[in-house]
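Just below is one structure, and these are the notes that go with it.
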Amino acid sequence: MRVQDRYISPFTDFGFKKLFGTEPNKDILIDFLNELLRKDEGEIVDLAYLSKEQLGRAIDNRKAIFDIYCENQKGEKFIVEIQKAKQNYFKDRSIYYSTFPIQQQAKRGHWSFELKSVYTIGILDFVFDEDKNDKEVFHHEVQLFDKQTQKVFFDKLTYVYLEMPKFTKTEDKLETHFDKWLFVLKNLEDLTKRPAKLQEKVFDKLFEQAEIANYSDEEYSEYEESLKTYRDLKNSMDTAFSDGVEEGMVQGIVQGIEKGILTTAKNLKNEGVDTQTISKTTGLSIENIEKL
C-alpha cells in the first residue's frame, strides 16, 4: 500500500462491500442507485439485501455469485457488480446472471407470468473493446429494443454499464450529483482529502466509511489482502491480454488471447486466488481451472 493512501479503493472486494454491501451503509447504495436509475425506476425508498449465492433450478446447473443482490420495496431486483479486469464474454455473463432473478419469480400453480423489473449494474474498471474508439459514451443503458419501430420493446429488464476509465471530469468540472458519484468511484483511492464540491450528506458518510485510519487491525489486514488481490489480478489480466494480442499477430488473435487467459488463470491459482474469483474474471469454468 502506498504511504499516502488515506481512503480505500472501491474496486477491491473489501472496499466495495464496505461501502455498498452492508446494512449500516444501505443508504449509500440507495443514493447511488437512485441517481443512476431514478428517471426509469422512480425513487427507491428501501432495500433488502438478498443472498449473493444463487443456485440454478436443477441440482447440476451452474450457480451465480453476485457482488451485491438486493430488492426494493416494490419487489424489483438489483444486481450490482464491480468488474475489476477485462473478461472474455463479460456481457454474456451479465445476461446469464440476470436470468436468476427472473426464474425466481416463477410461481407454482396458476400464474399470469407477470414479472417485476430486474436491473443489472456493472461498474467497470475497463473499456469494452468494441467501444474503445468512442471516448465520449461511458454510460450504457440497455433494454430489449424493437429495431423496426425504434422503441423499447420490454422495459422490465435493464442493464447499466459504466466504463469508468472513460470518465475524465476533474473536480472543477463536476456539475451533477451523478458526476460527483462517478468522480468518487474512480478517484477515491487517490484522494488525500475530501473534495470541496462533495458536500452532500451521503458523502459525509461515504468518506467516513472509506477512511483507512478508522479501521481495526483486522479490517486493515483484510483490506490490504483484498487490495493485493485486486492489483495482482489487474496486472495479470493486462499482461495476459497484451501478451495474447502480440502472439496473436503471428499465430492468430484467437489462439493468442486464449493462451493468455489460461496463463493468467494458472498464475492466479498459483498465487492462491480462489477458483470462483478466477472463473468470474477469466470466464473459464471452475472445472477447467481445477485442472490447471
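The values are calculated or read from the model by the stated rules, or taken from the named source; none is laboratory data. Everything quoted here is computed from the prediction, not taken from an experiment. Quick reminder, even Gly has a Cβ in these numbers, built from the backbone with ideal geometry, and neighbours come from all protein chains shown.
Within the range 127-142, does at least one residue satisfy the condition of being in contact with a Pro (Cβ under 7 Å, 6 or more places away or on another chain) and either in a loop (DSSP other than H, G, I, E, B) or over 29 Å from Asn235 (Cα atoms) (or both)?
yes
One residue alone among Phe145, Phe153, Phe113, Phe138 is over 24 Å from Ser285 (Cα atoms), exposed (fewer than 14 other Cβ atoms within 10 Å of the Cβ) and in contact with a Leu (Cβ under 7 Å, 6 or more places away or on another chain), and that residue is Phe153. Scanning the range 54-79 for residues that are at pLDDT 80 or above and either in a loop (DSSP other than H, G, I, E, B) or not β-branched (Val, Ile, Thr) (or both) gives Phe66, Asp67, Tyr69, Cys70, Glu71, Asn72, Gln73, Lys74, Gly75, Glu76, Lys77, Phe78. Among the residues of the range 55-72, some residue qualifies, meaning at least one is polar (S, T, N, Q), more than 21 Å from Phe126 (Cβ to Cβ) and surrounded by fewer than 14 Cβ atoms within 10 Å (Cβ to Cβ).
With respect to the stated conditions, Asp125 fails to be over 16 Å from the mean Cα position of the chain (by Cα) and of a type outside the set (Phe, Trp, Tyr). Considering only residues that are outside any loop (DSSP other than H, G, I, E, B) and free of Cβ contacts under 8 Å to residues at least 40 places away in the same chain, look in the range 187-201 and name the one that is farthest from Lys169 (Cα to Cα). Here the answer is Lys201. Does Val184 satisfy the condition of being within 24 Å of Phe126 (Cβ to Cβ), assigned to a strand (DSSP E or B), modelled with pLDDT of 95 or more and not acidic (Asp, Glu)? When the stated conditions are applied, Val184 does not pass them. Across the range 202-218, the qualifying residues are those that are without any contact (Cβ under 8 Å) to a residue 60 or more places away in the chain and in a helix (DSSP H, G or I), and the one among them that is surrounded by the most Cβ atoms within 10 Å (Cβ to Cβ) is Phe203.
Residue by residue through the range 156-192, note down the ones that are crowded, with 16+ Cβ neighbours inside 10 Å and acidic (Asp, Glu). Residues satisfying the conditions are Glu163, Asp179, Glu189.
Among the residues of the range 105-126, count how many are not in a strand (DSSP E or B) and not polar (S, T, N, Q).
The number of residues fulfilling the criteria is 12.
Kindly check whether there is at least one residue in the range 54-69 that is over 13 Å from the mean Cα position of the chain (by Cα) and within 25 Å of Lys201 (Cβ to Cβ). Taking every residue of the range 54-69 in turn, none turns out to be over 13 Å from the mean Cα position of the chain (by Cα) and within 25 Å of Lys201 (Cβ to Cβ).
Candidates are the residues of the range 85-112 that are among the hydroxyl-bearing types (Ser, Thr, Tyr) and modelled with pLDDT under 90; the one that is nearest to Tyr159 (Cα to Cα) is Tyr89.
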